[in-house]
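Q: This is the structure I have questions about; it appears just below.
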Amino acid sequence: MNYYDEHGVEEALRIKERLGGTVTLLTAGPARAALALRSGLAMGADAAVHIVDPALEGADHLGVATALAAAISVQHYDLILCGKLATDDNAAIVGPALAEFLGFPQATAVTKLELGDGAATVHREAEGAIEVLRVALLAVITVERSINEPRYPSLPGIMKAKRTPVTTKTLGDLGLAPGEVGVAAARVEVLDLSPPPQRRAGRILQGEPAEMVKELVRLLHEEAMSSDIWVLAEYAGGRPRKITYELLGKASALAQEAGGQVVALALGSGIAGAAQELAAYGADVVRVADDPLLGQYTTDAYAAVIEPVVSVEESFLLMIGSTAMGRDLAPRLAARLGAGIVTDCATVEVVDGGVEATRPVMTRKAIARVAFRGDGIRIAVVLPNIFAPPQPDPSRVAEVLPISVALDPASIRTQVLEVKAIARETLPLTEADIIVSGGRGLRGP
């Protein structure tokens, strides 16, 4: 079993031990996926459902989420728990997409979960902070590994798991046609897998400490810096995050190839002046949604504002940073829009009029090359510190187009209760331009 799912099963069992109820496991995949269900039953789960159908071969993440949602919709449940991601492709798409298809609120990458009357209070890690959220139930919760320590199956549990029947379902049993979830419906396709590129050999400095420091400073200074594209701007402390500048720089290069413009989406409260800074870094058009309900990120509010804006445009590509916010929002948007989505992109390129990306998989032991299929909106969730931010040009001016916001507070089912800043004396690694590390693990040059 994927170890994130082990933590999800463990959390479900702990809830059952405190509050009662039953734990039902659900998976979609080939016959060998039943082994994961048997592992969960051995831990103490009560029942298991396995969606197995040859038509699922080649399905993308949204297709799998569609099948899971169909199976869940006929079950009785009070809470849906998922692992944060699968450890083979590390996409983290299925959980938020499942929430969208079921019409439930979500909380992703949760490190602490407390259930109350009609709501759950969760802690989740964001950049430089811990967010404390209140999520209305029913909800989909994806969990981090730090939420608990999974138990080992007992011998009686293992014996019981062997005797417990696993309910199997085909797509036909769920009222789904292969064209709705199989390879024909997939919006992305893995073209190939390859080993990660070899790392450049390290350089070991020798000599007196003062001389080595001087040489290190020189090396860092001289050698280390060597249709429309949409970018979702992300803010922290009233200023765009560094990832926003990185995406704008890459978007500018892609827009030149595609013959389009760079469109920045800026959502927040009191950000009317955001356009000038985004323009300086490459935005040609800035769509601004300024509303008090957008002051703190919530999945419901941001998805509700972005979806109608993007869906009526012939946007070539929507780029979102692979941050806590981006990883939470992007899969939900993709499910709502029926868009192709690739997460943790290390490269994004225009190839023969289409878009291809590469992303690390198998715990970064391999690199997958993925192509978006068909027309329509494509969403690329891009890793930080991959693309260099451009030099700002204060003379650039962008066209500013306000977005009409008509949010109903009652429609926002997740409430930010608190943001606990993590005390830091240094810059977060994801915001650093250069990272210098040392130690015996560097080996030879």
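Readers should treat all values here as calculations from the given coordinates under stated rules, not as data from a laboratory. Predicted, not measured: the structure shown is a model, and the values here were computed from it. Using ideal geometry, Cβ is built from the backbone for each residue, glycine included, and neighbour counts are taken over all protein chains shown.
Q: When Thr111, Thr27 are ordered from fewest to most other Cβ atoms inside 10 Å of their Cβ, what list results?
A: Numbers: Thr111 17, Thr27 22.
Listed from fewest to most nearby Cβ atoms, that is Thr111, Thr27.
Q: If amide hydrogens are placed 1.01 Å from N in the peptide plane, which non-local residues have theirs closer than 5 Å to the one on Ala264?
A: Val231, Asp284, Val285, Val286, Arg287
Q: If you don't mind, there's one more thing I want to ask. Please arrange Val416, Val310 by counting, for each residue, the other beta carbons lying within 10 Å of its beta carbon, fewest first.
A: Details: Val416 14, Val310 21.
Ascending Cβ contact count within 10 Å gives the list Val416, Val310.
Q: At 7 Å along the Cα-to-beta-carbon direction for both Ser73 and Ala129, put a label point, then send me their distance in nm to one decimal.
A: So the two model labels end up 3.6 nm from each other.
Q: Sticking with this one: What shape does the stretch 313-356 have by the C-alpha gyration tensor, where a ≥ b ≥ c are the square roots of the eigenvalues, rounded means a/c under 1.5, and otherwise prolate means a/b greater than b/c and oblate the rest? Intermediate results must be reported in sequence, preceding the final value.
A: Details: a/c = 2.34, a/b = 1.31, b/c = 1.78.
Judged from the Cα gyration tensor, the stretch 313-356 comes out oblate (a/c at least 1.5, b/c at or above a/b).
Q: Same structure, new question: Please name which of Val74, Val286, Gly40 has its Cα lying farthest along the dipole of the chain towards the positive end, using unit charges on Cβ (Lys, Arg +1; Asp, Glu -1) and the Cα centre as origin.
A: Sorting the options by dipole projection puts first Gly40.
Q: Would you check the chain for Lys pairs whose C-alpha atoms are within less than 25 Å, ignoring same-chain pairs closer than 8 in sequence, and give me the count?
A: Eligible lysine pairs with Cα atoms under 25 Å apart amount to 13.
Q: How large is Rg/Rh for the stretch 189-412, to two decimals, with Cα atoms and a Kirkwood Rh?
A: We get a ratio of 1.03 for the stretch 189-412.
Q: Assign one of three labels to the stretch 3-186, namely rounded, prolate or oblate, based on the Cα gyration tensor with a ≥ b ≥ c the square roots of its eigenvalues; rounded applies when a/c is under 1.5, prolate when it is not and a/b is larger than b/c, and oblate otherwise. Display every interim value, and only then the final one.
A: Values: a/c = 1.65, a/b = 1.16, b/c = 1.42.
Note, shape of the stretch 3-186 comes out oblate.
Q: For the stretch 244-303, what class follows from the C-alpha gyration tensor (a ≥ b ≥ c being the square roots of its eigenvalues): rounded when a/c is under 1.5, otherwise prolate if a/b is larger than b/c, else oblate?
A: On the way: a/c = 2.69, a/b = 1.95, b/c = 1.38.
Judged from the Cα gyration tensor, the stretch 244-303 comes out prolate (a/c at least 1.5, a/b above b/c).
Q: Going by how many other beta carbons lie within 10 Å of each one, how would you line up Leu25, Leu137, fewest first?
A: Values: Leu25 23, Leu137 17.
Listed from fewest to most nearby Cβ atoms, that is Leu137, Leu25.
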